[in-house]
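The values are calculated or read from the model by the stated rules, or taken from the named source; none is laboratory data. All of these numbers come straight from a predicted model, not from anything done at the bench. Positions of Cβ are backbone-derived with ideal geometry, glycine not excepted, and every protein chain shown enters the neighbour counts. Calculation scope for accessible area: heavy atoms of the full protein, side chains included, ligands and nucleic acids excluded. Shrake-Rupley method; radii C 1.70, N 1.55, O 1.52, S 1.80 Å.
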Amino acid sequence: MFCFSVHGENSVEDLFLRAVKNVGAKVLTLNGDYRWINILKTAFNTRANVVLGPPLLILGLTKLAKVTNTPLYFRHVFTAGGPCLDWMIDGIRRGLDCLSWGCFDPGEGCLVAGFSCPQGRGIHIRDDWFDVRIEDDEGGLLPDGSDGNVVLLRNTEPQVRYPIRLRARKTGSGCSCGCPSPKLVDLMPPHSVDPELLALGQELYSWTSILDCVLRKGENGLEMELVVFPGEKLPKLPFCARQIIRYWNPDTDVPVTYRFPVENS
């Protein structure tokens with residue numbers, strides 16, 4: 001089951017569609033209806049056992065299934081798009097009792113630059129295609145093990161740079177999984193994302209009562225919009241924030257965002 005909203009020849013969905021069809025698997029898509037209720041119904045009615053999509057969407061789907069008492073049959077989850085952070089994967093694994101894998105999709109069309117480590121957290125870079133640098137905010141190269149901004153370089157064209165809107169640490173070779181490729185660990189959003197918003201977003205999304213949220217800092221301070229489930233307990237919310245809290249509407253609601261929604265205005 002595919003849960004991507006970007007289609008066409010130059011998309012990650014197209015890349016995965018061709019790969020899945022090549023092994024003879026049946027492909028299910030959302031057919032243009034991206035409402036939460038349609039995603040849930042498609043998963044239940046087809047009894048799909050593998051799902052591919054953005055991490056926050058799949059995490060939301062686990063909450064929706066719990067609240068509506070809808071059984072899902074996913075045993076394997078493949079996440080693409082990002083940032084795909086550790087706490088998102090933990091929530092998916094707990095909610096679906098599944099195995100999960102991920103690809104490093106930096107948002108450059110159908111560019112897949114790496115895959116999740118099978119032995120633990122982190123992403124192994126496809127070093128047959130790319131080199132990876134960890135740089136400081138001024139573009140200076142940082143040593144392995146340092147936290148900094150991720151930049152990909154094409155092996156055949158090192159002048160071609162792909163600045164990735166993520167921070168991470170790079171480890172050397174010798175991973176316990178046996179893969180010799182460089183590994184990125186502790187992936188986080190860039191410094192442009194307010195750390196207070198990041199922490200608040202993580203706290204809110206960890207609650208099964210919250211399906212979606214958007215956080216931003218406007219001219220008058222913190223602004224937040226929450227889509228919640230009726231009758232479910234909510235966390236204590238910031239007192240001084242401008243708040244829009246509304247119940248999930250199955251007739252109209254679609255996922256608020258396919259990326260982590262905490263940017264400064």
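Two tests apply to each whole DSSP H helix in the chain, Cα reach of 18 Å or more along its axis and mean Kyte-Doolittle hydropathy of at least 1.0, and the ones passing both are 55-67.
Let me make sure I get this right: for the stretch 50-142, a, b and c are the square roots of the gyration tensor eigenvalues over alpha carbons, sorted descending. Under 1.5 in a/c it's rounded, otherwise prolate if a/b > b/c, else oblate. Which is it? Walk me through the numbers on the way to the answer.
Working: a/c = 2.53, a/b = 2.23, b/c = 1.14.
Prolate shape, in that a/c is at least 1.5 and a/b is the bigger ratio.
For the pair Asp251 and Glu219, the difference between a 0.36 nm per residue extended length and the Cα-Cα distance amounts to 8.2 nm.
Taking a ≥ b ≥ c as the square roots of the Cα gyration tensor eigenvalues, with a/c under 1.5 meaning rounded and otherwise prolate when a/b beats b/c, else oblate, which class fits the stretch 1-155? Let's see the in-between values first.
Numbers: a/c = 2.25, a/b = 1.68, b/c = 1.34.
Prolate shape, in that a/c is at least 1.5 and a/b is the bigger ratio.
Note on the chain: antiparallel DSSP beta bridges, both residues inside, total approximately 65 percent of the bridges counted. In whole Å, what is the distance between the alpha-carbon centres of the stretch 132-166 and the stretch 21-40? Value for the Cα centre distance between the two parts: 35 Å. Protein heavy-atom surface of the stretch 97-201, 1.4 angstrom probe: 51% of the accessible area is carbon and sulfur, with nucleic acids and ligands not counted. Pairs exceeding 31 Å between alpha-carbon atoms, taken from Lys66/Lys236; Lys63/Lys170; Lys21/Lys41; Lys170/Lys236: Lys63/Lys170; Lys170/Lys236. Rounded if a/c is under 1.5, else prolate if a/b is larger than b/c, else oblate: which is the stretch 1-53, with a ≥ b ≥ c the root eigenvalues of its Cα gyration tensor? In terms of gyration-tensor shape, oblate.
On full extension of the chain, what length is gained from Ser146 through Arg242, given 0.36 nm per residue of separation minus the C-alpha to C-alpha distance?
Working: separation 96, 0.36 × 96 = 34.56 nm, distance 3.71 nm.
Using 0.36 nm per residue and subtracting the Cα-Cα distance, I get 30.8 nm.
The distance between label points at Asp136 and Gln202 comes to 2.5 nm (points 7 Å beyond Cα on the Cα→Cβ vector). Derived scalar couplings between HN and Hα for the stretch 162-170 equal 10, x, 9, 7, 8, 10, 6, 10, 9 Hz in order, rounded to whole Hz, by the Karplus curve 6.51 cos²θ - 1.76 cosθ + 1.60 (θ = phi - 60°), x for Gly and Pro.
Normalised by the number of residues in the chain, the average gap of Cα pairs under 8 Å and 6 or more apart makes the relative contact order 15 percent. About its Cα centre, the dipole of the chain is roughly 1000 debye, where the only charges are +1 on Lys and Arg Cβ and -1 on Asp and Glu Cβ.
Just how large is the dipole of the stretch 109-265 about the Cα centre, in debye to the nearest 20, putting +1 at every Lys and Arg Cβ and -1 at every Asp and Glu Cβ? List each step's numbers first, then the result.
Values: 17 positive and 22 negative charges, 55 e Å.
I would put it at about 260 debye.
Along the positive direction of the dipole of the chain (beta-carbon charges: Lys, Arg +1; Asp, Glu -1; about the Cα centre), which of Leu198, Ala48, Ser181 reaches farthest? The residue sitting farthest along the positive end of the dipole is Ala48.
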